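Enquirer: Input: one structure, supplied below.
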Amino acid sequence: MLESKELDPLIAPHAARHRAEIDKILVKAESAERLARDAYLVQLDRVEADLIAKGDANSAAAIVAERKGAAGITPATKENGNLPKKAQGPQRTLIKELNKIHEGAIAAARRPNSVYTAALNSIPGTTDNPELAKQIVAEKKRLLLGVGVVANLETDLAGTLWRRVENNKVVHVFTLDKKWEGSGWAAHGPNRVRFDWGTVLILADEGNMLIGDDGKPNMTLERARPSKVEEWGWRSLGSFSREEAQKARKD
């Protein structure tokens, strides 16, 4: 993603309005997911209490393990048939709800993406300004992948959803407890993430792709987390001031 000193002033106000609209969508989606997970945890508590009352320690232990891993459940998570039967229904419901929330976010992003694209197309002077034209093309390409952007892996990666290029059907999540598909991950600086097995991926400038050491895309962003208002006005919104960015978000 282009930083403020590089983003052309003709693009910046449109980028700010687009970022504000996308942020509203992300905030709504994250809030809905949090409520869905909380409801699931309440149901797990009830199932666990029932199992303990019946003296079924093994099944109760399975519920404890499921509770610990609940934060890593994504719209693409497969149902766990090894769970106690009373917990299988609630887990199935959670996965369906997460799918619904995610698909709703993707659908909601289409309108602001369309408005932003139209605004980019209306910017004059691209014939005589190759750098401006290049930035416009880059912004259009960015809209083709995922909802939102990741500006800094140290602060923005946890909780985001991605797709592996080699298997585009599966959604992966960088969980808040620094897990990825059961293994650990850690951000090394704003644009590098290292996995426990040693692989290092680099964040692309557009903020929606992780690249391998071979220079090829490894993951594409599916959905970011809500951006931090404090970063606006100096990182991604060009000449927009922080106050203007905050106003755009409220509007």
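The values are calculated or read from the model by the stated rules, or taken from the named source; none is laboratory data. From a predicted model like this one, the values you see are computed outputs, not experimental measurements. With ideal geometry, Cβ positions are generated from the backbone for all residues, glycine too; neighbour counts draw on all protein chains shown. These area figures cover heavy atoms from the full protein model, side chains too; ligands, DNA and RNA do not enter into them. Shrake-Rupley method; radii C 1.70, N 1.55, O 1.52, S 1.80 Å.
Enquirer: Considering amide H positions built from the backbone, and no H for Pro or chain starts, which residues 5 or more places from Gly184, or on another chain, come under 5 Å of its amide H?
Expert: For Gly184, the qualifying residues are Asp196.
Enquirer: Counting other Cβ atoms within 10 Å of each Cβ, which trypsin sites (Lys or Arg not before Pro) in the stretch 36-110 have at most 12 and sit in a DSSP loop?
Expert: Working: sites: Arg37, Arg46, Lys54, Arg67, Lys68, Lys78, Lys85, Lys86, Arg92, Lys96, Lys100, Arg110; in loops: Lys54, Lys78.
Here the trypsin sites (Lys or Arg not before Pro) that fit, given the DSSP loop and packing criteria, are Lys54, Lys78.
Enquirer: Charges at C-beta only: +1 for Lys and Arg, -1 for Asp and Glu. How large is the resulting dipole of the chain about its Cα centre, in Debye rounded to 20?
Expert: Details: 39 positive and 35 negative charges, 146 e Å.
My answer is approximately 700 debye.
Enquirer: Just one of (1) 1.04; (2) 1.00; (3) 0.96 is Rg/Rh (Cα atoms, Kirkwood Rh) calculated from these coordinates, so which is it?
Expert: (1)
Enquirer: So, one more: Using only DSSP helix segments of four residues or longer, with each worth -39500 (n - 2.57), what per-residue ellipticity at 222 nm results for the chain after dividing by its residue count and rounding to 500?
Expert: -16500 deg cm²/dmol
Enquirer: Suppose a student asked you for the relative contact order of the chain, using Cα pairs under 8 Å spaced at least 6 residues apart; what percent would you report? Provide the component values of the computation, followed by the final result.
Expert: Working: 371 pairs, mean separation 72.8, N = 251.
Relative contact order, the chain: 29 percent.
Enquirer: What accessible area per residue, rounded to a whole number of Å², is obtained for the chain using a probe radius of 1.4 Å?
Expert: 54
Enquirer: Relative to a virtual label point 7 Å from the Cα of Ser31 in the Cα→beta-carbon direction, which members of the stretch 76-106 show backbone nitrogen distances below 17 Å?
Expert: 101-102, 104-106
Enquirer: A follow-up question, please. With an 8 Å cut-off on Cα pairs and a minimum separation of 6 or more residues, tell me the relative contact order of the stretch 120-193 in percent. Display every interim value, and only then the final one.
Expert: Numbers: 61 pairs, mean separation 16.9, N = 74.
The normalised contact order for the stretch 120-193 reaches 23 percent.
Enquirer: Could you check what % of the DSSP bridge pairs in the chain are antiparallel, to the nearest 5?
Expert: 95
Enquirer: Here's a follow-up. What residue among Val200, Gln43, Leu176 has its Cα farthest toward the positive end of the dipole of the chain, where the charges are +1 on Lys, Arg and -1 on Asp, Glu, each on the Cβ?
Expert: It is Gln43, whose Cα lies furthest towards the positive end.
Enquirer: Additional query: Relative contact order of the stretch 1-128, please, whole-number percent, based on alpha carbon pairs below 8 angstrom and at least 6 residues apart.
Expert: 35
Enquirer: Quick one: net charge of Ala107's neighbours, Cβ under 15 Å, K/R +1, D/E -1? It would help to have the intermediate numbers written out before the result.
Expert: Working: positive: Lys24, Lys28, Lys100, Arg110, Arg111, Arg223; negative: Glu21, Glu103, Glu222.
Neighbour charge sum, excluding Ala107 itself: +3.
Enquirer: Just to verify a number: FRET efficiency for Lys85 and Leu176, C-beta to C-beta distance, R0 = 22 Å, to 0.05? If you can, show how the numbers build up before the last one.
Expert: Values: r = 29 Å, r/R0 = 1.31.
Efficiency for this residue pair is about 0.15.
Enquirer: Between Lys178 and residues 5 or more places away or on another chain, which pairs have amide H atoms under 5 Å apart, with H built 1.01 Å from N, and which residues are they?
Expert: none
Enquirer: Would you mind calculating the gained length between Lys134 and Asp196 on full extension (0.36 nm times residue separation, minus the Cα-Cα distance), in nm to one decimal?
Expert: Once the chain is fully extended between Lys134 and Asp196, it gains 18.6 nm.
Enquirer: Right, another one. Grab the Cα-Cα distance for Leu144 and Lys169, subtract it from 0.36 nm times how many residues apart they are, and report the gain in nm with one decimal.
Expert: Values: separation 25, 0.36 × 25 = 9.00 nm, distance 1.65 nm.
Separation in residues times 0.36 nm, less the Cα-Cα distance, equals 7.4 nm.
Enquirer: Filter the cross-link list Lys78/Lys179; Lys54/Lys100; Lys54/Lys179; Lys96/Lys179 down to pairs whose alpha-carbon distance in this structure exceeds 29 Å.
Expert: Beyond 29 Å: Lys54/Lys100; Lys54/Lys179.
Enquirer: Take each complete run of DSSP H in the chain, measure how far its Cα atoms stretch along the helix's own axis, and keep only those covering 27 Å or more with mean Kyte-Doolittle hydropathy at least -1.0; list them. Numbers along the way, then the final one.
Expert: On the way: long enough: 12-53 (60 Å, -0.21); 85-121 (54 Å, -0.61).
Answer set is 12-53, 85-121.
Enquirer: Right, next: When the chain is fully extended, how far beyond the present Cα-Cα distance does Arg111 get from Ile52, taking 0.36 nm per residue of separation?
Expert: Details: separation 59, 0.36 × 59 = 21.24 nm, distance 4.98 nm.
Stretched fully, the Arg111-Ile52 segment lengthens by 16.3 nm.
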